[in-house]
1. Determine the equivalent ellipsoid of segment 209-308 by diagonalising the alpha-carbon gyration tensor, then write out the semi-axes as square roots of 5 times the eigenvalues, largest first, rounded to whole Å.
2. Starting from the 7 Å offset along Cα-to-Cβ, what nm value, one decimal, do you get for the label separation of Phe43 and Asp303?
3. If you take the charge dipole of segment 209-308 about its Cα centre, with +1 on Lys and Arg Cβ and -1 on Asp and Glu Cβ, which of Val281, Leu264, Ile230 is farthest toward its positive end?
4. Considering the zone a paramagnetic label at Glu244 would reach in this model (a point 7 Å from Cα along the Cα-to-Cβ line), which residues of segment 286-308 have amide N under 18 Å from it?
5. Taking the Cα centre of segment 209-308 as origin, sum charge times position over the Cβ atoms of Lys and Arg (+1) and Asp and Glu (-1), and report the length of that vector in debye to the nearest 20.
6. Provide the gained length on full extension for the span Leu84 to Val70, in nm with one decimal, where the gain is 0.36 nm per separating residue minus the Cα-Cα distance.
7. Any lysines with Cα under 26 Å of the Lys133 Cα? List them, leaving off those in the same chain fewer than 8 positions away.
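What follows draws every value from the coordinates through simple rules; no lab data is involved. Everything numeric here is computed off the predicted structure, so don't read it as measured data. For neighbour counting, all protein chains shown are included, and Cβ atoms are generated from backbone atoms with ideal geometry for every residue, glycine included.
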Amino acid sequence: MQRVLPEVLGHRWGLTMTFDILGVKLVGLTAENGRKLLLTLVFVALSLLISRGLQALAGAVFHQRRNRKVQFWTQQTTKLLGVLVLVVGLISIWFDNPVRLTTIAGLLSAGLAVALQRVVTAIAAYFVILRGKVFHIGDRIAMSGVRGDVIDLGFVRTTIMEMGQPPAEQGDEPSVWVESRQYTGRIVTVTNDKIFEAPVYNYSGEFPYLWDEMHVPIQYTADRKRAEQILLETVRRHTVKMEEVAKKDLEELRRRYFVDPVNLDPRVYLRLTDNWIELTVRFVAKTRGIRELKDKMSREILDAFDAAGIQVASATYEIVGLPPLRIEGPAVNSIPHDAP
């Protein structure tokens, strides 16, 4: 009796004990699974806590140094290591039998391939973004019709702070109300798998400068040589430092890619129209702050034009004549009948 009792108790209350309600056995609900579930919850909580703590620490350290690339790669590495540790830990807790693990892995793979196809594609795109250096956090991009700065990159989605569009791009979808490359205030999330469907435009990744233009129409009778001189002098005052830095970045870009030599000096192009001479000044500017830069240059150009007596042309119309008017209808006598 003394030997049988521990075996019975061990069978009933040991780790392999099954629970039942009104004689109905609950499949999979055992003391061993309960212990594994409790251990899983504790392990997941600790893993998430440590991962979030490391990401916050890295963000605080590198945010002060303003090194976005180091901050980006540190955060992504921390995320990947956290997920790897979490997956390995969960597998170690629940699957102690290699044969059962192989079977479960095959079933999960088949299920994920069918039910979570877009999610799997988005996760694959996440690694393509990292490995292919498509963009980093802080880059200004256009992705799936959304333009703005990348403020977060997850395993499935990319978060973008949306910016406006220049007037020439106002017709593009989605429509925005800000007529320049400045924030609209909307935060947009785009799934990572969109990089397989459409091109991604990076404004600030490898070469953080853009070629921009300003169009100024003048009359045919105006001093176009003086106008061209004013445009070049104004642009050079505001972009000379950018040109020096941009030349170094351009050389690095040419070292890594097959890029032909490009002249970064500002230049004015002339175009003849039916109404005026259009002067287009082309210059290099940083990706951010273009609206403020063009505002300062426009004010200085207008002041210089006024001092030089150069007028900005505009479309005017002169009415030289009107066709004769004829009014048809019954004649009306405006003189009262009782008038003398």
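1. 28, 15, 11
2. 6.9 nm
3. Ranked along the dipole, the leading option is Leu264.
4. 286
5. 340 debye
6. So the chain would gain 3.0 nm between Leu84 and Val70.
7. Straight-line reach from Lys133, under 26 Å: Lys69, Lys79, Lys194, Lys247, Lys248, Lys286.
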